[in-house]
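These notes concern the structure reproduced below.
FYI, it's all coordinate maths here, none of it is from the lab. From a predicted model like this one, the values you see are computed outputs, not experimental measurements. Cβ atoms come from the backbone with ideal geometry, glycine included; neighbour counts cover every protein chain shown.
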Amino acid sequence: MASILIVDDSRTSRKILRTILEEAGHTVVGEAVNGDDGFKKCKELKPELVTLDITMPVLDGIEALQIIKTRYPEIKVIMVTAAGQNSKMVEAVKYGADDFIAKPFEAEQILSAIKKIFG
Ligand SMILES: [Mg+2]
């Protein structure tokens, strides 16, 4: 089971994601409200996995991904996408995103993405 940091500016999304992850036995070590907060909490909490929303204020998911993967290449990152973000997904692949999950969240998609990453 993985230690996970949830980075999303939507309180509702964070809550839904936390519930899905915890019910599956994963440990949510923290939540962050934008990319900058997420990067700082990576440093502080050293999660094995980060879920990174793409659309966020201050520092968006793509910018945060670049910083996190540069500073902490061992941390796995799953990007959270919404409809119409295909070009952002291409960018995210370029910067080392490990997988993608889509909003609205589906437990099965999220859990199988995590399983795929950690074997
Ligand atoms: Mg958002």
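When residues in the stretch 59-118 are screened for being within 16 Å of the ligand (Cβ to nearest atom), of a type in the set (A, V, I, L, M, F, W, C) and over 12 Å from the mean Cα position of the chain (by Cα), 5 of them pass. Please find, within the stretch 37-58, the residue that is surrounded by the fewest Cβ atoms within 10 Å (Cβ to Cβ) out of those that are within 13 Å of the ligand (Cβ to nearest atom) and under 19 Å from residue 104 (Cα atoms). Top of the filtered list is 55.
Beta carbons closer than 7 Å, at least 6 apart along the sequence or on distinct chains, pair a first residue in the stretch 106-119 that is more than 16 Å from residue 74 (Cα to Cα) with a second that is in a helix (DSSP H, G or I) for 107/20; 110/20.
Across the stretch 1-36, the number of residues qualifying as within 13 Å of the ligand (Cβ to nearest atom), not β-branched (Val, Ile, Thr) and not in a strand (DSSP E or B) comes to 9. Residues in the stretch 71-105 that are under 18 Å from residue 25 (Cβ atoms) and either out of contact with any Ser or Thr (no Cβ under 9 Å at 6 or more places or on another chain) or free of Cβ contacts under 8 Å to residues at least 60 places away in the same chain (or both): 3 in all.
A search for C-beta distances below 8 Å between a residue of the stretch 17-40 that is closer than 17 Å to residue 55 by Cβ and any residue that is among the aromatic types (Phe, Trp, Tyr) and surrounded by fewer than 19 Cβ atoms within 10 Å (Cβ to Cβ), counting only pairs 6+ apart in sequence or on different chains, returns 17/105.
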